[in-house]
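**Student:** Just dropping this structure here.
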Amino acid sequence: MTCRLLVSLSVLALSLTAQNAIVPSRPFPKDLDNKDIKLGEDEPGCKDSAQLPRIAGCSIIQCDTRETSTLEIMVGASTEGVIQKELMEGPNEILYYLCPSKLALASIVKQSDGALVKAGFKVVYNGKDDEDQPLVTALKDTQWVQVTTYRYNEYSAYVLTAIQDTPESQATSELLVDEMTKNGRVVLTGLNFDAEKSDLPADAEKVLAEVHQLLLRQPTWKIRVEGYNEDSPDKQSNVALSQQRASAVASWLLEHGIDRSRVSIQGYGGAKPSAEARSPRIEIVKF
């Protein structure tokens with residue numbers, strides 16, 4: 001990556017920030033060509049984040065702390081490899097590190113991953129960004145940390161982004177976690193398919209986004225999407241329709257970055273697992 005490209009992207013980032021727009025998921029340092037950057041010297045006034053210690057041998061070349069702003073955080077990749085990003089708003093800090101050229105970008109991410117887990121974070125995504133560079137994103141309560149990597153001239157480099165997220169969906173996500181922990185399953189109220197149809201209804205995204213947030217905040221959980229219909233004499237077709245509806249829900253989650261290994265489906269037609277269960281419906285079961 002050349003200085004010219006970095007500066008061009010920096011100008012774009014400055015322009016967007018001036019308009020109170022979203023800070024890109026992998027921000028770039030600004031005005032580097034106007035600085036005499038030396039490995040081993042920290043930028044005056046900058047200090048390491050309380051969330052994650054620096055990689056040994058690296059130095060801070062720039063820092064940016066804000067009381068509140070909106071950031072993009074990379075949280076996964078779809079089944080087609082498209083990077084999935086979440087908008088988060090809250091107090092945040094962005095630290096830019098320069099590292100020895102011999103330090104591989106993959107090693108930066110591996111060390112960061114280990115340090116985050118040791119600090120009590122759950123790794124949400126460990127993979128590649130839009131430019132095929134290694135990154136890791138982790139979460140603890142509402143504290144997100146993302147480490148993205150790139151090459152700057154002959155050096156290795158990385159960006160540590162930390163944001164205390166306070167989304168409106170947090171309360172809903174916590175309720176879903178509580179219900180899933182208590183009962184092992186959640187009925188997706190508000191997800192109503194048209195009669196004899198398996199296409200997701202127009203208002204499905206709001207409900208599914210809550211499930212998506214649940215899975216982001218519980219990256220070790222695996223779920224089964226279960227479909228149920230009203231009882232019907234044609235039991236075979238009824239089971240097939242419930243399976244198709246469960247598949248539509250699962251496909252949405254996969255397309256939005258949830259790993260395929262975490263989601264399975266099952267259609268039960270008119271069967272009812274309990275007297276209290278409602279039909280027709282979609283249920284999410286933790287296993």
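The values are calculated or read from the model by the stated rules, or taken from the named source; none is laboratory data. Model, not experiment: these values are computed from the prediction. All Cβ positions, even for glycine, are placed from backbone atoms using ideal geometry, and neighbour counts span all protein chains on display.
**Student:** Pull up segment 134-155, narrow it to residues that are of a type in the set (S, T, N, Q) and free of Cβ contacts under 8 Å to residues at least 60 places away in the same chain, then point me to the one that is nearest to residue 68 (Cα to Cα).
**Tutor:** Keep residues of segment 134-155 that are of a type in the set (S, T, N, Q), which gives 137, 142-143, 146, 148-149, 153.
The next check asks that each one be free of Cβ contacts under 8 Å to residues at least 60 places away in the same chain; those that pass are 142, 149.
Working: 142: 14, 149: 24 Å.
Once the filter is applied, the top-ranked residue is 142.
**Student:** For segment 116-128, enumerate the residues that are touching a residue at least 40 places away in the same chain (Cβ under 8 Å), surrounded by fewer than 19 Cβ atoms within 10 Å (Cβ to Cβ) and closer than 17 Å to residue 159 by Cβ.
**Tutor:** Result: 127, 128.
**Student:** If you check residue 175 against the conditions, is it without any contact (Cβ under 8 Å) to a residue 24 or more places away in the chain, surrounded by fewer than 18 Cβ atoms within 10 Å (Cβ to Cβ) and either not acidic (Asp, Glu) or not assigned by TED's automatic domain parsing to the domain that holds residue 74 (or both)?
**Tutor:** Spelling it out, residue 175 is indeed without any contact (Cβ under 8 Å) to a residue 24 or more places away in the chain, surrounded by fewer than 18 Cβ atoms within 10 Å (Cβ to Cβ) and either not acidic (Asp, Glu) or not assigned by TED's automatic domain parsing to the domain that holds residue 74 (or both).
**Student:** Just checking, which of 254, 215 is assigned by TED's automatic domain parsing to the domain that holds residue 178 and closer than 15 Å to residue 86 by Cβ?
**Tutor:** Exactly one of 254, 215 is assigned by TED's automatic domain parsing to the domain that holds residue 178 and closer than 15 Å to residue 86 by Cβ, namely 215.
**Student:** Kindly establish whether residue 60 is out of contact with any helix residue (DSSP H, G or I) (no Cβ under 8 Å at 6 or more places or on another chain), of a type in the set (A, V, I, L, M) and in contact (Cβ under 8 Å) with a residue 24 or more places away in the chain. Please lay out each step first, then the result.
**Tutor:** Details: out of contact with any helix residue (DSSP H, G or I) (no Cβ under 8 Å at 6 or more places or on another chain): yes; of a type in the set (A, V, I, L, M): yes; in contact (Cβ under 8 Å) with a residue 24 or more places away in the chain: yes.
For residue 60, the condition - out of contact with any helix residue (DSSP H, G or I) (no Cβ under 8 Å at 6 or more places or on another chain), of a type in the set (A, V, I, L, M) and in contact (Cβ under 8 Å) with a residue 24 or more places away in the chain - is met.
**Student:** Restricting to segment 69-98, and then to whatever is of a type in the set (D, E, K, R), assigned to a strand (DSSP E or B) and surrounded by fewer than 22 Cβ atoms within 10 Å (Cβ to Cβ), can you tell me which residue is modelled with the highest pLDDT?
**Tutor:** 93
**Student:** Applying the selection to segment 85-114, what residues are farther than 18 Å from residue 47 by Cα and of a type in the set (A, V, I, L, M, F, W, C)?
**Tutor:** If the condition is that a residue be farther than 18 Å from residue 47 by Cα and of a type in the set (A, V, I, L, M, F, W, C), then 87, 88, 103, 104, 105, 106, 108, 109 are the ones that fit.
**Student:** Quick one: count up the residues across segment 200-244 that are in a helix (DSSP H, G or I) and either out of contact with any Gly (no Cβ under 6 Å at 6 or more places or on another chain) or of a type outside the set (S, T, N, Q) (or both).
**Tutor:** Our first condition is that a residue be in a helix (DSSP H, G or I); within segment 200-244, this holds for 204-217, 235-244.
Now narrow it down to the ones that are either out of contact with any Gly (no Cβ under 6 Å at 6 or more places or on another chain) or of a type outside the set (S, T, N, Q) (or both): 204-217, 235-237, 239-241, 244.
Residues flagged as in a helix (DSSP H, G or I) and either out of contact with any Gly (no Cβ under 6 Å at 6 or more places or on another chain) or of a type outside the set (S, T, N, Q) (or both) within segment 200-244 amount to 21.
**Student:** Do the conditions hold for residue 89, that is, is it under 19 Å from residue 48 (Cα atoms), acidic (Asp, Glu) and out of contact with any Lys or Arg (no Cβ under 7 Å at 6 or more places or on another chain)?
**Tutor:** no
Residues checked against (1) at pLDDT 90 or above; (2) surrounded by 16 or more Cβ atoms within 10 Å (Cβ to Cβ):
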residue	(1), (2)
234	no, no
257	no, yes
263	yes, yes
275	no, no
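**Student:** For segment 207-225, state whether one or more residues are buried (at least 16 other Cβ atoms within 10 Å of the Cβ), under 25 Å from the mean Cα position of the chain (by Cα) and free of Cβ contacts under 8 Å to residues at least 24 places away in the same chain.
**Tutor:** yes
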